[in-house]
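In what follows, a single structure is set out as structure tokens and then discussed.
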């Protein structure tokens, strides 16, 4: 199946968008774009590919989201030589942190692209499209907007909620106040549900979205909100979509089995100018092209989580000269890797379902799913305490080792509450955090530009 390439978007659209160095980076469309673009199905297709492209930079899944998901947690130290990453690792970041600022801007830039697609494609005549193509593109845009806001609200809490295309730099349009997190979550769920209605059952190409992806993220949102009934509903839907666990765990990451039956969503890269920078930053040589102090180094605490005989250990990390490195990517290629970044896979869905079933007093069913994951890892079935509390601990532990270094750990800690998170960070890093460090501050440059924002 072909990979997504953003080159089409830059060729067709790149000269038509005016980049705005103002609040939220919501780029307005010029008169040229309004008059001459969004006229054909090909225009709409190029526009939605541009929305996928927004996932790729180092300010998003090319680096920063892994920093927040793993370095902020008990799994990784910052490594490298960037003081902004050290601050995130040590919980000493402030509103001027350059990495957090660029992530905020990238997320709203990505939202701006989805809002433009939703507005423009919705206004195009249906007879311009092949059957169901317009619905697919609209569904993809709704999904991606929900996904961006899901990342924003989990990292910052209350954030501005922008749902319309920005076509003017009028202060009334761009100086947006924060919305309550509950309102943001309502919109996220609404967008994912719309995406589920509109997306195709089968993704048309590798990296493109389908109904199963929307259902998986509806489950993830429900789990974040401790809505276990909905987790059970949505994971059951995903289980009927034909996904399956790969027999060999390492095949998920060896880059020889991309877009396989377990992967529900991944950020796609094709290498060269469309390459993934992350593998070069974390891999040792010879998998990486250059030797330097690598980023995202595993904590001893994370390495100690793997049981004897767990085949996932040799996939998750590798030791060279006594130093551990992340190993779920295999080709650095001088910052231009074609390795994909997996965002959601079927094992995550099964573990979400197990957690929800256990919370709903269906512990026997939960353990069956837990054992499916353990069996693939070469481990014996769970034989520990059958109480709800003990099984919940076992499932969270299984999530940690199954999804190790894939960007999930901080968010799993957060949804378990401040005390749980504080204890985990203290045990792994010797750092005592405070409750207000569970969320990032809004970047200072955004506050300086927008009098409606504060921390």
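Quick one: in the stretch 382-397, which of the residues that are surrounded by 12 or more Cβ atoms within 10 Å (Cβ to Cβ) and free of Cβ contacts under 8 Å to residues at least 12 places away in the same chain is nearest to residue 73 (Cα to Cα)?
In this case the residue turns out to be 393.
Cβ-Cβ distance below 7 Å, separation of 6 or more or different chains: which pairs start in the stretch 344-369 with a residue that is more than 20 Å from residue 150 (Cβ to Cβ) and end on one that is not in a helix (DSSP H, G or I)?
363/386; 367/382
Filter the stretch 308-325 for residues that are in contact with a strand residue (DSSP E or B) (Cβ under 9 Å, 6 or more places away or on another chain), in contact (Cβ under 8 Å) with a residue 60 or more places away in the chain and either under 12 Å from residue 283 (Cβ atoms) or not in a helix (DSSP H, G or I) (or both) and give the result.
Within the stretch 308-325, the subset in contact with a strand residue (DSSP E or B) (Cβ under 9 Å, 6 or more places away or on another chain) is 316-319, 323-325.
Checking the rest, the ones that are also in contact (Cβ under 8 Å) with a residue 60 or more places away in the chain come to 316-317.
Within the stretch 308-325, just 317 meets the criteria.
Does residue 297 fit the bill of being surrounded by 13 or more Cβ atoms within 10 Å (Cβ to Cβ), assigned to a strand (DSSP E or B), over 19 Å from the mean Cα position of the chain (by Cα) and at pLDDT 95 or above?
Working: surrounded by 13 or more Cβ atoms within 10 Å (Cβ to Cβ): yes; assigned to a strand (DSSP E or B): yes; over 19 Å from the mean Cα position of the chain (by Cα): yes; at pLDDT 95 or above: yes.
It is true that residue 297 is surrounded by 13 or more Cβ atoms within 10 Å (Cβ to Cβ), assigned to a strand (DSSP E or B), over 19 Å from the mean Cα position of the chain (by Cα) and at pLDDT 95 or above.
Being in contact with a strand residue (DSSP E or B) (Cβ under 6 Å, 6 or more places away or on another chain) and within 26 Å of residue 214 (Cα to Cα) narrows it down to one residue among 409, 345; which is it? Break it down into steps so the answer makes sense when it comes.
Details: 409 fails: in contact with a strand residue (DSSP E or B) (Cβ under 6 Å, 6 or more places away or on another chain).
Sole residue among the options that is in contact with a strand residue (DSSP E or B) (Cβ under 6 Å, 6 or more places away or on another chain) and within 26 Å of residue 214 (Cα to Cα): 345.
Would you mind stating whether residue 371 is out of contact with any helix residue (DSSP H, G or I) (no Cβ under 7 Å at 6 or more places or on another chain), exposed (fewer than 14 other Cβ atoms within 10 Å of the Cβ) and farther than 17 Å from residue 305 by Cβ? Even if it seems obvious, please write down each step before you answer.
Numbers: out of contact with any helix residue (DSSP H, G or I) (no Cβ under 7 Å at 6 or more places or on another chain): yes; exposed (fewer than 14 other Cβ atoms within 10 Å of the Cβ): no; farther than 17 Å from residue 305 by Cβ: yes.
It is false that residue 371 is out of contact with any helix residue (DSSP H, G or I) (no Cβ under 7 Å at 6 or more places or on another chain), exposed (fewer than 14 other Cβ atoms within 10 Å of the Cβ) and farther than 17 Å from residue 305 by Cβ.
Kindly indicate the residue of the stretch 248-281 that is touching a helix residue (DSSP H, G or I) at 6+ places or on another chain (Cβ under 7 Å), touching a residue at least 24 places away in the same chain (Cβ under 8 Å) and part of a loop (DSSP other than H, G, I, E, B) and also surrounded by the most Cβ atoms within 10 Å (Cβ to Cβ) among those meeting that condition.
275
Name the residue, out of 244, 287, 291, that is within 21 Å of the chain's Cα centre (by Cα) and either outside any strand (DSSP E or B) or in contact (Cβ under 8 Å) with a residue 24 or more places away in the chain (or both). Lay out the reasoning, then the answer.
On the way: 287 fails: within 21 Å of the chain's Cα centre (by Cα); 291 fails: within 21 Å of the chain's Cα centre (by Cα).
Criteria check complete, one pass: 244.
Can you find, within the stretch 171-223, the residue that is surrounded by the fewest Cβ atoms within 10 Å (Cβ to Cβ) among those that are touching a strand residue (DSSP E or B) at 6+ places or on another chain (Cβ under 7 Å) and free of Cβ contacts under 8 Å to residues at least 60 places away in the same chain?
The extreme case among them is 179.
Determine which single condition residue 340 fails, assuming it passes every other condition in (1) within 29 Å of residue 258 (Cα to Cα); (2) touching a residue at least 24 places away in the same chain (Cβ under 8 Å); (3) crowded, with 20+ Cβ neighbours inside 10 Å; (4) in contact with a helix residue (DSSP H, G or I) (Cβ under 8 Å, 6 or more places away or on another chain).
Of everything listed in (1) within 29 Å of residue 258 (Cα to Cα); (2) touching a residue at least 24 places away in the same chain (Cβ under 8 Å); (3) crowded, with 20+ Cβ neighbours inside 10 Å; (4) in contact with a helix residue (DSSP H, G or I) (Cβ under 8 Å, 6 or more places away or on another chain), residue 340 misses just condition (4).
Tell me, please, whether a residue that is at negative phi and touching a strand residue (DSSP E or B) at 6+ places or on another chain (Cβ under 8 Å) can be found in the stretch 355-368.
no
Could you identify the single residue in 97, 85 that is modelled with pLDDT of 95 or more and either under 23 Å from residue 332 (Cα atoms) or surrounded by fewer than 20 Cβ atoms within 10 Å (Cβ to Cβ) (or both)? Break it down stepwise before answering.
On the way: 97 fails: either under 23 Å from residue 332 (Cα atoms) or surrounded by fewer than 20 Cβ atoms within 10 Å (Cβ to Cβ) (or both).
So the residue among 97, 85 that is modelled with pLDDT of 95 or more and either under 23 Å from residue 332 (Cα atoms) or surrounded by fewer than 20 Cβ atoms within 10 Å (Cβ to Cβ) (or both) is 85.
Please pick out the residue among 423, 454 that is under 29 Å from residue 304 (Cβ atoms) and free of Cβ contacts under 8 Å to residues at least 24 places away in the same chain.
On the way: 454 fails: under 29 Å from residue 304 (Cβ atoms).
None of the others qualify; the one that does is 423.
In this structure, is residue 118 within 16 Å of residue 59 (Cα to Cα), touching a residue at least 24 places away in the same chain (Cβ under 8 Å), in contact with a helix residue (DSSP H, G or I) (Cβ under 8 Å, 6 or more places away or on another chain) and not in a loop (DSSP other than H, G, I, E, B)?
no
Mind listing whichever residues of the stretch 326-337 are in contact (Cβ under 8 Å) with a residue 60 or more places away in the chain and under 22 Å from residue 69 (Cα atoms)? First the steps, then the outcome.
Let us first name the residues in the stretch 326-337 that are in contact (Cβ under 8 Å) with a residue 60 or more places away in the chain, namely 326-331, 333, 335-337.
Within the stretch 326-337, 326, 327, 328, 329, 330, 331, 335, 337 qualify.
Before we move on, is residue 195 more than 21 Å from residue 362 (Cα to Cα), within 18 Å of the chain's Cα centre (by Cα), modelled with pLDDT of 95 or more and in a helix (DSSP H, G or I)?
Values: more than 21 Å from residue 362 (Cα to Cα): yes; within 18 Å of the chain's Cα centre (by Cα): yes; modelled with pLDDT of 95 or more: yes; in a helix (DSSP H, G or I): yes.
Yes: the conditions hold for residue 195.
The values are calculated or read from the model by the stated rules, or taken from the named source; none is laboratory data. What you see is a predicted model, and the numbers here were worked out from it, not measured in a lab. No Cβ is skipped: glycine too gets one built from the backbone with ideal geometry, and neighbour counts run over all protein chains shown.
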